[in-house]
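These notes concern the structure reproduced below.
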């Protein structure tokens, strides 16, 4: 049986345990827990340099990068490693001659653009040492190829999956449901969102991290929830009349390459209508006007009009929610993600 190690950017052990208990969605495991059904022994590995309590300051920065250098020697029995860690790990694994590395592209494109030329050359060299690079959007793949000149045959596109059993519809959207925005990524645009919902006449809930709210003035009708748990988040989705995914323009230098993907899928899985900012990296995930309403980014008046349209038309809201749920079931579950990754892991290990 093929032996695969999953190494995430941040610890996933506690999440894996919560998934087993049914207390959390398995979305963040990125298909790992379903690969056994496909004949791959996939296990989570926590880097030795990051297993203890999170370091701070200089020690944090040093161990954040150094962990990639020691991982190939820690993963003695793994045939392949599946990971978003791409700065040094592929190079180190090539030096040791194992394991083969499959890189999951979370924010490589944004990181590349923000980096010095020296770091860009290092990142390109590291990616060339990987057996495969997996992008989660067609546009993300094209951007990475333009940036790095990597061989196209080694860069794949696989659509993200989520836990559709954890997030499932709890009836149709409530006619008087609140407006809900969710997301902690730095590419979220809550300034535009705040202007759009100011005076909307509908209760509004914003779920984010404290860093997302720095320097932001929110209107009176907006309640904030900071870093909520999975159970509470699911309840918030259930009570929403509309979910908004506001993101910055694609040239914004911070955040994930595909900001908004996970929340978009969560909301669709819950059968809730979605209004989201247009982004090329979301094109693989939405059918405009069918599964969601799309608007130009950073346009509060247009966003306001879209919200009023969805909130004022119960039939439209129900149709969008139902279509979104169907799309999730058709192609965006974590089992489907695992099925797409399995042949790539096998090919990489050869």
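Observations on the model:
- Where only DSSP H runs of four or more residues are counted, the chain gives -12000 deg cm²/dmol as its mean residue ellipticity at 222 nm, each run worth -39500 (n - 2.57).
- Gain in span if fully extended, residue 147 to residue 216, counting 0.36 nm per residue against the direct Cα distance: 21.5 nm
- Computed FRET value (nearest 0.05) for residue 70 with residue 305, which takes r as the C-beta separation and R₀ as 41 Å: 0.15
- The chain: relative contact order as a whole-number percent, Cα under 8 Å and 6+ apart: 19 percent
- P(r) weight above 23 Å for segment 3-153, C-alpha pairs, percent: 39 percent
- Among 73, 64, the ranking by other beta carbons within 10 Å of each residue's beta carbon, starting with the fewest, stands as 73, 64.
- Inverse of mean 1/r across different Cα pairs in segment 203-249, Kirkwood, Å: 11.9 Å
- With both residues required to sit in the chain, DSSP beta bridges show an antiparallel share near 0%.
- Calculated FRET efficiency for the pair residue 44/residue 184, C-beta based, R₀ 35 Å, to 0.05: 0.95
- Semi-axes of the equivalent ellipsoid for segment 178-331, computed as √(5λ) from the eigenvalues of its C-alpha gyration tensor and ordered from largest down, come to 20, 17, 16 Å.
- Calculated from the alpha-carbon coordinates, segment 80-154 shows an Rg and a Dmax of 11.4, 33 Å respectively.
- Estimated distance in nm for a label pair at residue 77 and residue 176, the labels positioned 7 Å out from Cα along Cα-to-Cβ: 5.8 nm
- Residues 106, 40, sorted so that the one with the fewest Cβ neighbours within 10 Å comes first: 106, 40
- Cα-Cα separations in segment 117-220 greater than 17 Å, expressed as whole percent: 70 percent
Only the coordinates and a few stated rules stand behind these numbers; no lab work does. Note that the coordinates shown come from a computational prediction; the quantities given were computed from them, not determined experimentally. Don't worry about glycine lacking a Cβ; one is built from the backbone with ideal geometry, like all the others, and counts go over all protein chains shown.
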